[in-house]
Amino acid sequence: MIFVTVGTTSFDDLIKEVDSESFQKQAKELGYTRLVVQYGRGSHRMCDREPPILEVESFDLKPSLEDEMSSASLVVSHAGAGSIIEALRQNRRLLVVVNPSLMDNHQLELAEAMYRRGFCAMAAEPHQLPAALAEAAKMQMQPYPPADLRPWHKLLEETCGVAPTG
Amino acid sequence: MEMLSLLKEVDQERYRCDFIMAQTDSSSLKKVQATRPDLAKDLTRFHVIPRSREVGQSWSSSLLTTAQAFLACLGLVWELNPQVLLVNGPGTCFPVVAAVLLFELIAFRRVSLIFVESVCRVKSLSMSGKLIYPFADAFLVHWPELVERYAKAQYLGILF
C-alpha cells in the first residue's frame, strides 16, 4: 500500500499528481495495489475511476496517522519534519516531495539532507514524483539511527548540576 | 514534538518542568496530554503568555501588545525563578528570552539559556536562532553542517 501524507498543510499539486493516471499506472506496474491519501487542508479530491487502476481511499485529517504509516509499504510525504521523522521511525520506505510554492523553502534543505544520507528518496517538486517513485521502490534505504539522548542528558547535567535521569 | 522528545527520559522528581505557551496556541497542551499524560497531570505547570503580535497587526498596536507580552513574561519568570530556559524557535520565545535576560540583570541570577534550533535548519539558522545566538549558553543544532559554520553550535547526535 502507498500512503500519501501532507500533514496539516495544503499541497494540492501533490494530491493531483498522485490522482493522475500516469502515477497510478506506474505504481501498479511496480506492484502496488492500494493507495491511501491524506490530503490535509487541500481542496483537491481524488477522483473515482471506472475501472479503478488502484484501490483508492482518502481522508483529510486524523489525530494520529500511526495505523496508515505502519501498514504502508511506501510512504510518500510532504517535506515536513514531523511527517518525515514519523515515517523513518516506523522504518518505512520513504519518498519525500518538496512543495516549491512554499516561501523560504527549508523543506528543500531538510529533504536534501535526508536524501543525501540515504534515508529516503526525494522529488524536488510534484512533477518529479513518477521518476522518484521508480527510484524509491528499488533503492537501498539507510536505516534511520535510533535517538540517543545521553549527550543531551550530559549537557543538562553540566548546566544544572543534577543528572536528569536516575 | 521536538521539545517534548527532549524531555522523554527526564525524571520529574529531579527536574521540575514548567511549560510556557502562547495564548492562541490550542494544540500544544493537547499534544502534551496525548503523548505525555504524566507531564500534563499538573496543569499549574502550564503557563500562558499573550502573543506579541498577530499577523497583519499594525505597528503601533504591535508595540503595545509586545510590551504587554514582555511584562507578562517578566512577571512569570520572576515567579518561576528558573535555572534553565529551554526554547525552540518560533517567535513566542522572544518575550520570554528578553524577560529572562532582564531578570538575570536585575535579580543577579544566572539563568542558563539553551536554544534548540529546528531540525529543518541544515545549512543556515532560523531568524530566532540568529537573534538568540549571541545570548545562548548552549545552542543545539541537528545537523553537523551547522557546527562548521557557527562556533557556538553543538551537534549532539540524533535526539528524536
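The values are calculated or read from the model by the stated rules, or taken from the named source; none is laboratory data. Predicted model, so just to flag it, every value in this text is computed and none were measured. Using ideal geometry, Cβ is built from the backbone for each residue, glycine included, and neighbour counts are taken over all protein chains shown. The accessibility values were calculated without ligands, DNA or RNA, using every heavy atom of the protein model including side chains. Shrake-Rupley method; radii C 1.70, N 1.55, O 1.52, S 1.80 Å.
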**Study point:** Dimensionless Rg/Rh of region A:2-160 - Kirkwood Rh, Rg from C-alpha atoms
**Key:** 1.02
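Using r as the Cβ-Cβ distance of residue A:163 and residue A:20, and R0 as 41 Å, what FRET efficiency do you calculate, to the nearest 0.05?
With R0 = 41 Å, the Cβ-Cβ based efficiency is 0.15.
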Practice item. Would you mind working out the accessible area per residue for region A:2-160, using a 1.4 Å probe, and quoting it in Å²? Key: 48 Å²
Practice item. Can you spot the aspartates and glutamates whose alpha carbon is less than 18 Å from residue B:130's alpha carbon? Ignore those fewer than 8 places along the same chain. Key: A:104, A:109, B:117, B:145, B:148
Check your understanding: With all protein chains present, how much of the accessible area of the protein assembly as shown (probe radius 1.4 Å) comes from carbon and sulfur, to the nearest whole percent?
Key -> 55 percent
Exercise for review: For the protein assembly as shown, give the share of DSSP beta bridges that are antiparallel, in percent and rounded to the nearest 5; count only bridges with both residues there.
Suggested key: 0 percent
Check your understanding: If you add up the charges near residue A:126, with Lys and Arg at +1 and Asp and Glu at -1, over every other residue whose beta carbon is less than 13 angstrom from its beta carbon, what do you get?
Key -> -4
Practice item. Quick one: accessible surface of residue B:54, probe radius 1.4 Å, all protein chains present, in square angstrom to the nearest 10. Key: 80 Å²
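Shape of the protein assembly as shown from its Cα gyration tensor (a ≥ b ≥ c, root eigenvalues): rounded if a/c is under 1.5, otherwise prolate when a/b > b/c, or oblate? Write out the running numbers ahead of the final one.
Numbers: a/c = 2.13, a/b = 1.83, b/c = 1.17.
Verdict is prolate for the protein assembly as shown.
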Review point. Can you list the lysines whose alpha carbon is less than 19 Å from that of residue A:16, not counting same-chain residues fewer than 8 positions off?
Key: A:25, A:28
Check your understanding: How many nm is it between the label spots at residue A:148 and residue B:64, if each spot is 7 Å from the Cα in line with the beta carbon?
Key -> 5.4 nm
Review point. What's the extension gain from residue A:28 to residue A:61 if we count 0.36 nm per residue and subtract their Cα-Cα distance?
Key: 9.3 nm
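If you scale each eigenvalue of the Cα gyration tensor by 5 and take the root, what three semi-axes come out for region B:84-160, rounded to whole angstrom and sorted largest first?
23, 12, 10
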Study note, to complete from the structure: In nm, the gap between the two label points placed 7 Å beyond Cα toward Cβ at residue B:34 and residue A:49 is 3.2 nm
**Study point:** Length-normalised contact order of region A:2-160 in % [C-alpha pairs under 8 Å, at least 6 apart]
**Key:** 21 percent
Point to revise | region B:107-136: chymotrypsin sites (Phe, Trp or Tyr not before Pro) in DSSP loop, at most 14 other beta carbons within 10 Å | key: B:108, B:135
**Study point:** Within-11-Å neighbourhood charge of residue A:45 [Cβ basis; K, R +1; D, E -1]
**Key:** -3
